[in-house]
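The values are calculated or read from the model by the stated rules, or taken from the named source; none is laboratory data. Keep in mind the model is a prediction, meaning the values are calculated, not measured. Reconstructed Cβ throughout: ideal geometry from the backbone, glycine too, with neighbour counts over all protein chains shown. To get the accessible areas, we keep the full protein, side chains included, count just its heavy atoms, and leave off ligands, DNA and RNA. Shrake-Rupley method; radii C 1.70, N 1.55, O 1.52, S 1.80 Å.
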Amino acid sequence: MADTEALRQIAHSRAPLSTWLGVVLLFALFGVIVLAVIGPMPRGSDYEETRAKKRMETLKTVREDAEKALNTYAWIDKNKGAVRIPISRAMELTTAELAKQKPAPAGPIATPQAQSPAPPTSPAPGASPKPGAAQPAGSPSTPAPAASASPPQTAASPQTQAPASPPPAAQSSPGAPASPSPARTP
């Protein structure tokens, strides 16, 4: 009886023949797919040589088309009357047209010191500098045109201009020292 049970265990432990046949067929199918993909691909240096020849032919035709477009007459749009002319003729026409035109004379180049002072526009109240007030170093003696284009100043903005001029007490008192007092920061 031990013999029959041992044979049964061996028969059940082994995979059936159909399973092995299925695995073999899957490997064969995979091989066929690989051959179908790789088979038509060209191999060796012939493939690169043919690709190089095709690129050279394409380049040659593109250059011929460009040369033809640059050096021949042709209609671009016949209804509108637009034509293409050779580039050499277009350059000749353009230079002849430019030669007929006289260049405009250049005006004098003005330096900032040579410019005439622009009349200041009416500044906001309280923001006008005093006639005897000293200007800070580095600022021009006349107001800049950009300052006249600025928006009206508010009541807080005269405080920002106060350090630029000496305090009113230094201007009105006759016994004040000749040197201006140092500017105070707000």
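A few comments on the model shown:
- Test: residue in the range 81-88 that is at pLDDT below 90, in a helix (DSSP H, G or I) and not aliphatic (A, V, I, L, M): no
- Checked against the criteria, T111 does not count as hydroxyl-bearing (S, T, Y) and open to solvent by 80 Å² or more (accessible area, probe 1.4 Å).
- Total residues in the range 36-76, condition exposed (fewer than 10 other Cβ atoms within 10 Å of the Cβ) and in contact (Cβ under 8 Å) with a residue 12 or more places away in the chain: 1
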